[in-house]
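These notes concern the structure reproduced below.
The values are calculated or read from the model by the stated rules, or taken from the named source; none is laboratory data. Worth saying up front: this structure is predicted, and the values here are computed from it rather than measured. Here the Cβ positions follow ideal geometry from the backbone for every residue, glycine too, while neighbour counts run over all protein chains shown. We work out accessible area using only protein heavy atoms, side chains counted, and drop any ligands, DNA or RNA first. Shrake-Rupley method; radii C 1.70, N 1.55, O 1.52, S 1.80 Å.
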Amino acid sequence: MKTYLTSGMLKGRQLAVAAGIRPTQERVRKALFDVLQQVVEGSVFLELYAGSGAVGIEALSNGAQEVVFVEKDTRCCRMIEKNITVLGTGMGKAVSSMFSMDALRAIDLLVEKKKKFDIIFLDPPYYGDLAKNTLQKLSCCDILTHFCVVVVEHNKKDFLDTEINQLTCFKQKRYGDTLLSFYKVV
């Protein structure tokens, strides 16, 4: 399967996607980066449940200073690394790193490493508690900058609280059955 970058300096470039992976739809990524365009340049970006890595690579295309990818499927990790290598010359001095592990465990490791993120995007498998559990964990740990934006891609049937500890949902955008919920630190 193939998908294309929708914005930034690499707009129109093709990404390879591992078989069986549901990448964030191009129209949803385009809308996401339309919303984030004022804050993505120079940011430190975390993509949890990275899958295809399309969102993190799109962040690099839009000028993110650093992107950390977290994905436990090693096939997906290899594909993300391959895409970054192929596109690398167009991303300037941006830095990326990969953690091949469970997202909740990776959050603990990032806390230990004292990492801080300006934008966090998560797209866990639909129809479960992973989105809610991950938001709860993020809201209780010290990896969010004071102006951090956390974005969750989820199915419209997956209910997420509007307030989770220090996180408050300030915007939602719907694209068919897909919902993007935007949270900020309060």
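Kindly check whether there is at least one residue in the stretch 62-75 that is of a type in the set (Ser, Thr, Tyr) and open to solvent by less than 40 Å² (accessible area, probe 1.4 Å). No: the stretch 62-75 contains no residue that is of a type in the set (Ser, Thr, Tyr) and open to solvent by less than 40 Å² (accessible area, probe 1.4 Å). Scanning the stretch 5-32 for residues that are outside any helix (DSSP H, G or I), among the charged types (D, E, K, R) and out of contact with any Leu (no Cβ under 7 Å at 6 or more places or on another chain) returns a single hit, 22.
Yes/no per residue for (1) more than 9 Å from the chain's Cα centre (by Cα); (2) within 20 Å of residue 16 (Cβ to Cβ); (3) not basic (Lys, Arg):
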site	(1), (2), (3)
39	yes, no, yes
42	yes, no, yes
48	no, no, yes
53	no, yes, yes
56	no, yes, yes
60	yes, yes, yes
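Candidates are the residues of the stretch 123-143 that are aliphatic (A, V, I, L, M) and open to solvent by less than 20 Å² (accessible area, probe 1.4 Å); the one that is farthest from residue 107 (Cα to Cα) is 131.
Residues are listed down the side, and each one gets a yes or a no for (1) in contact with a Phe, Trp or Tyr (Cβ under 8 Å, 6 or more places away or on another chain); (2) not in a helix (DSSP H, G or I):
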| residue | (1), (2) |
| --- | --- |
| 34 | no, no |
| 47 | yes, yes |
| 55 | yes, no |
| 59 | yes, no |
| 64 | yes, yes |
| 72 | no, yes |
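Checked against (1) modelled with pLDDT of 95 or more; (2) of a type outside the set (A, V, I, L, M, F, W, C); (3) crowded, with 17+ Cβ neighbours inside 10 Å; (4) farther than 20 Å from residue 22 by Cα, residue 153 meets all criteria but (4).
Inclusion of residue 32 among residues that are within 16 Å of residue 103 (Cα to Cα) and at pLDDT 95 or above is not warranted.
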